[in-house]
Amino acid sequence: MEKNQEQLQEVARGEKEFHGEASCPNCGSGKTVQTGSYVSSRDQCMVYEFRCSDCGQTFEISN
């Protein structure tokens, strides 16, 4: 298993946090909070869920 894939699985299990930058697609703010993560059953990639602290918009980022 690749090291990157291993790290993503640790994030999914809650052992590590997402350390990438997530800017809100609605207002462009960098003040976002990760609210969850899961492995997509369709394409087996990690999906990270976020909420913007400024405007309240929720959004997802996938790897």
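The values are calculated or read from the model by the stated rules, or taken from the named source; none is laboratory data. The structure presented is a predicted model; accordingly, all values stated were derived computationally and were not measured. Note that we place each Cβ from the backbone using ideal geometry, even for glycine, and neighbour counts take in every protein chain shown.
Before moving on, here are some points about what is shown:
- Taken residue by residue, the stretch 26-44 has at least one member that is free of Cβ contacts under 8 Å to residues at least 40 places away in the same chain, outside any loop (DSSP other than H, G, I, E, B) and of a type in the set (Gly, Ala, Ser).
- Scanning the stretch 2-41 for residues that are modelled with pLDDT of 65 or more and more than 11 Å from PHE59 (Cα to Cα) yields a total of 11.
- Any hit, the stretch 54-63, residues being at pLDDT below 85 and surrounded by 13 or more Cβ atoms within 10 Å (Cβ to Cβ): yes
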